[in-house]
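Quick notes on the structure that follows.
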Amino acid sequence: MKYRHAFHAGNFADVHKHVTLLALLRGLARKDTGFLLLDTHAGRGLYDLGDADARKGNEAATGITRLEAFLTDADRPAATELADYLGIVQHIRSERRDRRCYPGSPLLGLHALRPQDRAVFIETQPSEHAALRAAVGKHATVECADGFLRLANWLPPRERRALVLIDPPYEETAADFRAVQRALNETLRRLANAVVMIWYPIKHGRDTDQWLERLALQWPTAAGGAAIPCLVTELWVHPRDNRAGLNGSGLLIANPPYLVAEQMRLWLPELHRALDPARTGGWLVRESLAVTSAP
Ligand SMILES: C[S@@+](CC[C@H](N)C(=O)[O-])C[C@H]1O[C@@H](n2cnc3c(N)ncnc32)[C@H](O)[C@@H]1O
């Protein structure tokens, strides 16, 4: 595998994914009972934005760094979700005495957990796994394994509540999309109320829409036949059908907690203004998989 998340750490897609992850965790924490955070493709947990890999594409410059500058210059307070995310990033930076570091999903997630919650992180590459283990210490269970295969081992959790983050590299794009679909079905079959968050790349908008349409046809139902609620959110910083590379970031969420979609309609436009100053992209929040009109 060639993929190293260090090349992309803190880019616009990470920001979209991580703000949303924290919003979902805050939503789950509205109930006192504990839950499991299961991150099947966890990465190394902590990235150095000053190292050679990160500097190569300098992707954080148009992600976290751009958001920080936008909010510093803004004449009004940031949306709660954006302020929460930046507050945690800054907290981790000062805790580690390292202003250049950027926390990945495991470290950000851990900061939003309460004593009654727990976390399991899975990463397949031994070097990334070792770094992850060092980054999270004793605060989570960390496995060096295939997250798609190990997912079933952790579900259903004893808490009967979970947030499952599935964030593969999409190096083998078609195979990863198929594996993601299987993992989604398996998760919801084992725990129908699981909050599942799947990140997907938007390279060619039409391909993305076809994938969502296919998922809609096979979308799982809970016992008794009730449809499992879903939420689609996208942020794109180039036209959705640009052939240039990664145009946008998408998240498919099953069982979104109460009010997350409503709040997202407030913070996502602000995040889009911050990360797409040329306004060539856009944003989307939709509580259905059906692609009824191209945005
Ligand atoms: C997009 S990165 C994860 C980023 C992380 N979730 C975050 O937001 O900070 C994908 C990670 O999945 C790892 N990976 C690839 N295939 C995997 C598999 N089958 N099981 C577990 N991890 C895998 C890669 O090594 C890489 O570190």
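No value in this document is a laboratory result; all are computed from the given coordinates. Nothing here was measured: the structure is a model prediction, and the numbers come from that model. So basically every Cβ, Gly included, is an ideal-geometry build from the backbone, and we count neighbours across all protein chains shown.
The magnitude of the dipole of the chain, with charges of +1 and -1 set on the Cβ of Lys/Arg and Asp/Glu and taken from the Cα centre, is near 400 debye. By the gyration tensor of its Cα atoms, with a ≥ b ≥ c the square roots of the eigenvalues, what is the shape of the stretch 83-167: rounded for a/c under 1.5, prolate for a/b over b/c, or oblate? It is oblate, given that a/c is not under 1.5 and a/b is not larger than b/c.
A full extension of the chain between K2 and T33 corresponds to an added length of 7.2 nm, given 0.36 nm per residue minus the alpha carbon distance. Taking a straight Cα-Cα cut-off under 20 Å and skipping sequence neighbours fewer than 8 places away in the same chain, the lysines within cross-link reach of K56 are K2.
When the helices of the chain are scored as -39500 (n - 2.57) per DSSP H run of n ≥ 4 and the total is divided over every residue, the value at 222 nm lands at -12500 deg cm²/dmol.
Modelling each spin label as a point 7 Å along the Cα-to-Cβ direction, I'd like the T72/D207 distance in nm, to one decimal. Simple spin-label model gives 3.7 nm for this pair. Rg and Dmax over the alpha-carbon atoms of the stretch 1-142 stand at 14.9, 45 Å. When the alpha carbon coordinates of the chain are projected onto the principal axes, the ranges are 51, 47, 39 Å, largest first.
Only aspartates and glutamates eight or more places from K17 in sequence, or on another chain, were considered; those with a Cα closer than 14 Å are D39, E81, D84, D167, E234.
For the peptides 110-117, 27-34, the ranking by mean Cβ contacts within 10 Å, running from highest to lowest, is 110-117, 27-34. Rounded to whole Å, give me the distance from the Cα center of the stretch 199-236 to that of the stretch 37-83. Cα centroid to Cα centroid, the span is 26 Å. Placing +1 on the Cβ of each Lys and Arg and -1 on the Cβ of each Asp and Glu in the stretch 5-286, which of H91, A140, L67 has its Cα farthest towards the positive end of the resulting dipole? Farthest towards the positive end: A140. For the stretch 203-272, dividing the convex hull volume of the Cα atoms by the residue count gives 83 Å³ per residue. Magnitude of the charge dipole for the stretch 46-166, about its Cα centre and with charges confined to Cβ atoms of Lys, Arg (+1) and Asp, Glu (-1), is about 380 debye.
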